[in-house]
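Novice: Pasting in a structure now, in structure tokens, and then I'll have a few things to ask.
The values are calculated or read from the model by the stated rules, or taken from the named source; none is laboratory data. Predicted model, so just to flag it, every value in this text is computed and none were measured. Cβ: placed from backbone, ideal geometry, glycine included. Neighbour counts: every protein chain shown. To get the accessible areas, we keep the full protein, side chains included, count just its heavy atoms, and leave off ligands, DNA and RNA. Shrake-Rupley method; radii C 1.70, N 1.55, O 1.52, S 1.80 Å.
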Amino acid sequence: MSDANAPHPTTYRVLIGKPGLDGHDRGAKVIARALRDAGFEVIYSGLHQTPEMLVRTAIQEDVDCVGLSILSGAHNTLMPEVVRLLNEQGAGDIFVFGGGIIPEPDIAELKAAGVRAIFTPGTPTTEVIAFVREECERKNA
């Protein structure tokens, strides 16, 4: 695994989204800032986005991936819906990862629905950066 903060020649685009009624965005902003500082181009959606709004933004902004932050408990509905809509819109190459208050038993179900990875509270930002970079490099190889 490469150094998460080392400069990289390719700039990848990431949408960090806050779907649903969840109004707590501190974690999303921490991840957005960490990815930006690691050389990613980051678009932050703002609060209270619908899956449709996030997918539209992801396609319009030509992002490589979408990171979803959910603390409201609606992760089993909202995350798979974003994956489904991306596939439906012909943008299934945009991968989705997520984070937030997500119980361990739900993680396997989310991954089976197409969410590439789930990061729970306490995950070091370097781990998220390394994951996103590796997945972007694999996607664009």
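Novice: Which is modelled with pLDDT of 95 or more, surrounded by fewer than 22 Cβ atoms within 10 Å (Cβ to Cβ) and either among the aromatic types (F, W, Y) or under 18 Å from P121 (Cβ atoms) (or both), of A28, A34?
Specialist: A34
Novice: Continuing with the same structure: Quick check on the stretch 71-79. Is at least one of its residues buried (at least 19 other Cβ atoms within 10 Å of the Cβ) and modelled with pLDDT under 95?
Specialist: yes
Novice: Output the residue which, of all residues in the stretch 85-135 that are without any contact (Cβ under 8 Å) to a residue 12 or more places away in the chain and closer than 19 Å to M53 by Cα, is least open to solvent (accessible area, probe 1.4 Å).
Specialist: G92
Novice: Pull out all pairs, ordered by first then second residue, where Cβ-Cβ is under 6 Å, the residues are six or more apart or on different chains, the first lies in the stretch 31-44 and is over 14 Å from E61 (Cβ atoms), and the second is crowded, with 17+ Cβ neighbours inside 10 Å and polar (S, T, N, Q).
Specialist: Partner pairs satisfying both residue conditions: A34/T125.
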